[in-house]
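Colleague: The structure under discussion is supplied below as structure tokens; questions concerning it will follow.
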Amino acid sequence: MNLDTGKNAIIRLFNVTKQYGGKPALQNVSLDIEPGEFVFISGPSGAGKSTLLKVLYLAETVSDGQILIDGMNLARISPARLPFLRRRFGMVFQDFKLIPTLTVFDNVALALDVAGKKPSFIKKKVMHVLRITGMETKVHELPPTLSGGEQQRVAVARAVAGDPDIILADEPTGSLDQASARRVLEILLAYHKKGGTILVASHHLQQLQTVVTGRSIVLEKGRLVSATRLEPYAT
Amino acid sequence: MIRYFHKALADIRSNRFLNLVTMVTIALSILMVSLFVLFFETLGRIMDGWNQEGRAMVYLTPEFTTDIRPELESAITRLDGVVRVAFVSKDQALARLKNQMAGSNRFLDTLKENPLPHAFEIQIQSRDGFESVAAAVRQIKSLDMVESVEYGREWLVRVFDLFQLFRLTGYVMCVLFLLIAFFITASTVRLVFHSRQSEVEIMRLVGATDRFIKMPFYVTGLIQGAVGGILGLLILFIAYLAVSSGISRSMGELFHLDVRFLSVTAMGGIWGVSTFLGWFGCYLSLRQLLK
């Protein structure tokens, strides 16, 4: 199913299929995502939501089909170019994926450090994103000493620190209480308002779609079964 | 580079025990290697001393008369490698003998005539081993009026052969110790890498290049090798200070003993090899792990 055929799409999937040991996780998924779109990906467990995100940042390679990111064919990306592709994404995971031995500051700084930014710039930028996420008072803390909500805010801070074009969030609120989940979503929304393209894979679609205009994509058994425009509910 | 150095120091701090074990192992290996080098440098100097101070006695025939001494002396002096020629007349030789046999030389007074021959005491300098000495001796033997040439070549050659074999064994041992240091470093890197596998995965997810991931490991390897090398040399130097004066005192009378610590070149070489091994262990391990 090809929803939009926008020529300016930042992400384009053409009949993407991904199989694990013969079992399909994604089947002929075709999709265009415009720059600045907020896209919700929902569906039951095992529907292929996480797989869809993984093939975008090349944690997995597709079994068939093609993916273009800003016109760049992922099938043609050499291993040496992969890090540069990943710097165009900010990633948020349900399990946060923070380095437990690094402080909050260093975890966020990592996204800029790998890109070879200068220490003075890194310091300024990290403090800025930590202020936005409300974590500026925890800069010297280690992740294990923080609550789940706080860790996810640090993860979001890291995701937005490098000003990526696209944010991929895989169940970003899955393990958070309602207040923390709302806080994380607000940060993602703020980034979206600045023009960021955001893809969120989540079970908690209702919670997410109440606050933003975007597109909802539903996956079932690896197939894209529906795509609808969303308008925020009055809150 | 400075940031990688800081990261490496942080990594060493967070894996103190493993890194300490590696550095101590490298230090012990380097200690053994340096000990061998010190031993062979010292023994080599002693052997060179013997080699360079090769003395020989040229015994002359009974037909020799002192008239022909200048001619023969100059013929011997002209030979390659001969650095000193001193004539020892038969009377001088007898006087020396009497002197050496002080206390039991009465029977020498009963001799009707001096049985000792005239001789030249010569010193041959070896530039490239015993072959040049042997060639000089052969040439002296072929001269007129020369009865025989006595030169302690046989036993010296055997000692030198033994020394060469000993030195070869030492080098093999050195290589083995260096291999131990190398494998320990490589194993530590593997252990540290596996303990940081999830960290490396996260780095990759945020766009770290292989170089960014590897560099702190390389710097850690270099630090381990460098510190281990310095530690090994330091232990040897302390041991040397404690032992060398005693050795010089007790054995210096037996033969000329030139005991010195390792030369700056040797120390630099050993330290360089140690540092290189630290890095090389990392390099090979990471090459496999980050395929």
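Colleague: State to the nearest 20 debye the size of the charge dipole of segment A:93-235 about its Cα centre, where the only charges are +1 on K and R beta carbons and -1 on D and E beta carbons.
Modeller: 420
Colleague: Can you work out the Karplus-derived ³J(HN,Hα) for every residue in segment B:136-147? Use 6.51 cos²θ - 1.76 cosθ + 1.60 with θ = phi - 60°, whole Hz, and x for glycine or proline.
Modeller: 4, 4, 4, 5, 5, 4, 7, 6, 5, 6, 9, 7
Colleague: Determine, from the Cβ-Cβ distance of B:Ile68 and B:Asn114 and an R0 of 22 Å, the FRET efficiency 1/(1 + (r/R0)^6), rounded to the nearest 0.05.
Modeller: 0.70
Colleague: Please list, ordered by chain and number, the residues whose modelled amide H lies under 5 Å from the amide H of A:Ser30; skip anything fewer than 5 residues away on the same chain.
Modeller: It is A:Asn15, A:Val16, by chain and number.
Colleague: Would you mind getting me the FRET efficiency between A:Gln66 and A:Glu186? Use the beta-carbon distance for r and R0 = 41 Å, nearest 0.05.
Modeller: The value I calculate is 0.70.
Colleague: Take every residue in peptide B:216-222, count the Cβ atoms of other chains within 10 Å of its Cβ, and give the average of those counts.
Modeller: For this peptide, the per-residue mean of nearby foreign Cβ atoms is 0.
Colleague: I've got another one for you. As an exercise, use a Förster radius of 30 Å and the Cβ-Cβ distance of A:Lys23 and A:His203 to find the FRET efficiency, rounded to the nearest 0.05.
Modeller: Once the sixth-power term is evaluated, E becomes 0.90.
Colleague: Please compute P(r) over all alpha-carbon pairs of segment A:5-72, binned at 5 Å starting from zero, and give each bin as a whole-number percent.
Modeller: Result, from short to long distances: 4, 17, 28, 27, 17, 6, 2, 0 percent.
Colleague: Between B:Phe107, B:Phe163, B:Phe17, find the one with the highest GNM mean-square fluctuation for chain B; connect C-alpha pairs within less than 10 Å.
Modeller: Between B:Phe107, B:Phe163, B:Phe17, it is B:Phe107 that shows the largest mean-square fluctuation.
Colleague: For q = 0.11 Å⁻¹, what log10 I(q)/I(0) does the protein assembly as shown give under the Debye formula with an equal point scatterer on each alpha carbon and no solvent?
Modeller: After summing over all Cα pairs, the log10 values are -1.00.
Colleague: In addition: Among B:Ser34, B:Ser14, B:Ser274, which one moves the most in a GNM of chain B with springs linking Cα atoms closer than 10 Å?
Modeller: Highest fluctuation of the listed residues: B:Ser14.
Colleague: Ok, one more. With everything on Cα atoms, drop me the angle between helix B:153-195 and the longest principal axis of chain B, reported from 0 to 90° to the nearest 10.
Modeller: Approximately 0 degrees, to the nearest 10.
Colleague: So what is the relative contact order for chain B, in percent, with contacts set as C-alpha pairs under 8 Å and at least six apart?
Modeller: 33 percent.
Colleague: Considering only DSSP beta bridges where both residues belong to the protein assembly as shown, give the percentage that are antiparallel (nearest 5).
Modeller: Of those bridges, close to 70 percent are antiparallel.
Colleague: Residue-wise, which Karplus ³J(HN,Hα) couplings in Hz belong to segment B:65-76, taking 6.51 cos²θ - 1.76 cosθ + 1.60, θ = phi - 60°, and x for glycine or proline?
Modeller: After applying 6.51 cos²θ - 1.76 cosθ + 1.60, I find 10, 5, 5, 8, 4, x, 5, 5, 4, 6, 5, 6 Hz.
Colleague: Same structure, new question: Where the convex hull is taken over the Cα atoms of chain A, what is its projected area averaged over directions, in nm²?
Modeller: 12.7
Colleague: What does the average come to when, for each residue of peptide B:199-205, you count the partner chain Cβ atoms lying within 10 Å of its Cβ?
Modeller: What the average comes to for B:199-205 is 6.
Colleague: I would also like to ask the following. Can you tell me, using C-alpha contacts under 8 Å and at least 6 residues apart, the relative contact order of segment A:1-119 as a whole percent?
Modeller: 23
Colleague: Let me ask something additional. For segment A:107-204, max minus min Cα coordinate along each principal axis, in Å, sorted largest first?
Modeller: Each principal axis gives a Cα extent; for segment A:107-204 these are 39, 32, 19 Å.
Colleague: Further, regarding this structure: With a 10 Å radius around each residue's Cβ, average the other Cβ atoms per peptide and rank B:142-149, B:240-247, highest first.
Modeller: B:142-149, B:240-247
Colleague: Between B:Ser187 and B:Thr169, what length comes free when the chain is fully extended (0.36 nm per residue of separation minus the Cα-Cα distance, one decimal in nm)?
Modeller: Separation in residues times 0.36 nm, less the Cα-Cα distance, equals 3.8 nm.
Colleague: Dividing the alpha-carbon Rg of segment B:2-90 by 2.2 N^0.38 Å yields what?
Modeller: Output field value: 2.49.
Colleague: If I histogram all Cα-Cα distances within segment A:1-124 using bins 10 Å wide from 0, what percent of pairs lands in each bin?
Modeller: Using 10 Å bins, I get a P(r) of 11, 36, 33, 16, 3 for segment A:1-124.
Colleague: Moving to a separate point now. With equal scatterers on the alpha carbons only and no solvent term, can you work out the Debye log10 of I(q)/I(0) for chain B at 0.09, 0.13, 0.14, 0.15 1/Å?
Modeller: -0.66, -0.95, -1.03, -1.10
Colleague: Running a GNM on chain B with Cα contacts under 10 Å, which residue among B:Ala56, B:Ala102, B:Ala181 ends up with the highest mean-square fluctuation?
Modeller: Result: B:Ala102 has the largest fluctuation of those listed.
Colleague: While we're looking at this one, here's another question. With θ taken as phi - 60° and the coefficients 6.51, -1.76 and 1.60, list the Karplus ³J(HN,Hα) couplings across segment A:119-126 in order, rounded to whole Hz; mark glycine and proline as x.
Modeller: x, 5, 5, 4, 4, 4, 5, 4
Colleague: Report, in deg cm²/dmol and to the nearest 500, the calculated mean residue ellipticity at 222 nm for the protein assembly as shown, where each DSSP H run with n ≥ 4 adds -39500 (n - 2.57) and the sum is divided by the residue count.
Modeller: Computed mean residue ellipticity for the protein assembly as shown: -17500 deg cm²/dmol.
Colleague: Over chain A, what is the mean sequence separation of C-alpha contacts under 8 Å (at least six apart), divided by residue count, expressed as relative contact order in percent?
Modeller: Reported relative contact order: 27 percent.
Colleague: Counting only DSSP beta bridges with both residues in chain A, tell me the antiparallel percent, nearest 5.
Modeller: In chain A, approximately 55 percent of DSSP beta bridges are antiparallel ones.
Every read-out reported here was derived from the displayed coordinates using simple, explicitly stated rules and does not represent laboratory data. Computed from a prediction, not measured in an experiment: that's the story for all the values here. Quick reminder, even Gly has a Cβ in these numbers, built from the backbone with ideal geometry, and neighbours come from all protein chains shown.
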